[in-house]
Each structure stands twice: as structure tokens, then as C-alpha cells.
1. Treat the count of other C-beta atoms within 10 Å as a stand-in for reagent exposure and order T236, T201, T206, T178 from fewest to most.
2. Taking the simple approach of a point 7 Å from Cα along Cα-to-Cβ for both N168 and V210, what is their distance in nm?
3. Identify, among L225, T206, H176, the residue whose Cα sits farthest towards the positive end of the charge dipole of the range 171-277, taking +1 on the Cβ of Lys and Arg and -1 on the Cβ of Asp and Glu, with the dipole about the Cα centre.
4. Helices from the chain with mean Kyte-Doolittle at least 1.0 and a Cα length along the axis of 24 Å or more, per DSSP H: which?
5. Charges only on Cβ, +1 for Lys and Arg, -1 for Asp and Glu: so what's the dipole of the range 22-302 about the Cα centre, in debye to the nearest 20?
6. Just going by the charge dipole of the chain, with Lys and Arg at +1 and Asp and Glu at -1 on Cβ, which of I146, S119, W264 is farthest out on the positive end?
7. Please order S116, S96, S137 by the number of other Cβ within 10 Å, starting at the fewest.
8. Kindly provide the helix-only [θ] at 222 nm of the chain, computed as the sum of -39,500 (n - 2.57) over DSSP H runs of four or more divided by all residues, to the nearest 500 deg cm²/dmol?
Amino acid sequence: MLNRKQKLLFLKFFSLFSVVRGYNILIIVIAQYLSSIYILAPELPVREVLFDVNLLMLVLASSTAIAGGYIINSFYDSEKDFINRPRKTMLDRLVSQHTKLSTYFILNFLSVVFASYVSFKSVVFFSIYIFMLWFYSHKLKKFPFIGNMVAAILAVVPFFAIFVHYANFDIVIFVHATFLFLLISMRELVKDLENLKGDITHGYNTIPVVYGERTSKLMLTALSLLTLVPIVLLITKFKDEIGYMDFYFYASIAGLVLFLTVLWKSKNKIHYLILHNILKFAILIGVFSIVLINPGFLANKLF
């Protein structure tokens, strides 16, 4: 049995894990490794990718920088989040702001240290990435369009670091990246709809606040239609490159139809939360569907 002090320590650890979105970072790490094995460096033996120390350092640099980004975002949005997500905010507040900021600087320092193992260019790359994560949380996220665009770009940047590492410039990779970018852009706009009340209260000029819910829904519809472009390209022109992952993209078309149906019937926060979860689920399934590109590849090359 845990005593009171141990329980409090455990709760604080869980609170910090919640602040840095540990579950999101785990998915990003898995996505980076799966995309390296199946998309960015499919010609290399799996062992060589898994035991690539430079890749590991880039993944660690990305993970610590992203964790720091979540902390600074939570720091600036604490009052707004208390309105939008009161339960999560109460949990997050178990850790003091001083502790969060200290952890933020430690994580950023570690990110640069990990990057320095790879090259000086990596240090510059992640230093700029860390700055942009701060600048987005401090200023840019309060502006319509710019905030959404930057948020989507920052979410894709960790994969760009791996892409540069393997120097694979196949067009199919850009099409995959475009699909992911559009999904994340949709998710960011849905989050703005979900957080409308808190954004209005604290003066965040997001797209729903400035232009209204109907315009936001029209934009989401346009983004959904744009997302069909990389999907169609992947299941037609690049069918050989994506293998059995085409099943995921066919399912994505059905998912977009479901998304749009729910979108135009949405009237309150719970509906937008459902839409947010649909997009999160689509991204999560997409990560694990990467193995469908060549289902037997991992087993044949590793064992």
C-alpha cells in the first residue's frame, strides 16, 4: 500500500505525464520508426534502422522538444484550458508552474544535446524548432489561419528531420506528408471549434471566433475534399508503393464522409469532441497501418 506522500508523488508524475502528452509522444516515436522502416529507408535491413544511433538521437531530440512544447503550451493556456478542460486542468495543476518551466528548460537542453550527437546542422534545426514551438504558444496560436498553419507544420517537422536523415526524395513521401498535413490541419480547426468558449473569453482570435462556426465548417469541408487528392494519388498512381495500406486509404474516404456528416450536424462542444476523436483515431490507425505496406517485411528482415 502506498502512503500519502507516495500517492501524491505518483499523482504529480501522472500530472506531468499528462502535461507533456506522453501518449502522443509515444505514438510519434512509433510513427517515426515505422515510417523509417517502411517508407523512408525500405531498402535497408530492419536491424540497421532499429540500431541506427543517429536515428535514435533524432527521435529523442524530437520527443524531448515536443514534450517541452506541450509544457510551454500548457503554461500559456492554463487559464483558457480551465474553461475548456476543467478536469484535465485540475490534474495538470498538481505540478507547479515553476516545476513545469524547469522541466521545460531541461527537456529543451536535452533535445539540443541529443541533436549535437548527429551534427551541428541538427543542433541548428532543433534550436529553431524549439523556438518556433515557444513562439507559436506565446503569440501565433492567437491568430486565425497563421496559428492553424504553423501548428500543422510543427506537427510534421519531426518527420522532416528523419526524412532529411535518410535523404529519400521520392514523390510518394511528399504525398504521404501532404495527407498527414491536411489531417492535422483539420484537427487543429476542430480543436478551435471545441475550445470556442475559452478562446472567446481570453481573446484568442481563432477562425471560429473571428469568422464564426459556419465559415469554419465550410473550411473543414474544403480541407476534407483536398484530403481526397493525396488519397486518390496514393491508391492509384502509387498503388505499388503503398501495398496493402490502400485498405486504410479506402477506409479514410468512408471516414471523411462520416466526418462531414457529423460536422454539419454539430451544434455544441460534445459534437466537436466527437469530430476531434474521429481525426485522432484516423491518424492513430494510419500510423499502425504503415506495416500494411509490406506485412511480412519486418518479420522476414528481422528474424
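Where a number appears in this text, it was derived from the coordinates with a stated rule and is not lab data. Not measured: the values here are computed from a predicted model. Note that we place each Cβ from the backbone using ideal geometry, even for glycine, and neighbour counts take in every protein chain shown.
1. T236, T201, T178, T206
2. 3.8 nm
3. So the residue we want is T206.
4. Working: long enough: 53-76 (34 Å, 1.40); 97-118 (32 Å, 0.83); 120-138 (27 Å, 1.27); 146-166 (30 Å, 1.98); 171-194 (35 Å, 1.40); 213-236 (35 Å, 1.40); 246-263 (25 Å, 1.78); 269-289 (29 Å, 1.39).
Helices meeting the span and hydropathy rule in the chain are 53-76, 120-138, 146-166, 171-194, 213-236, 246-263, 269-289.
5. 880 debye
6. In the chain, that residue is W264.
7. Final ranking by Cβ density, sparse to dense: S96, S116, S137.
8. Using -39500 (n - 2.57) per qualifying helix, the result is -26000 deg cm²/dmol.
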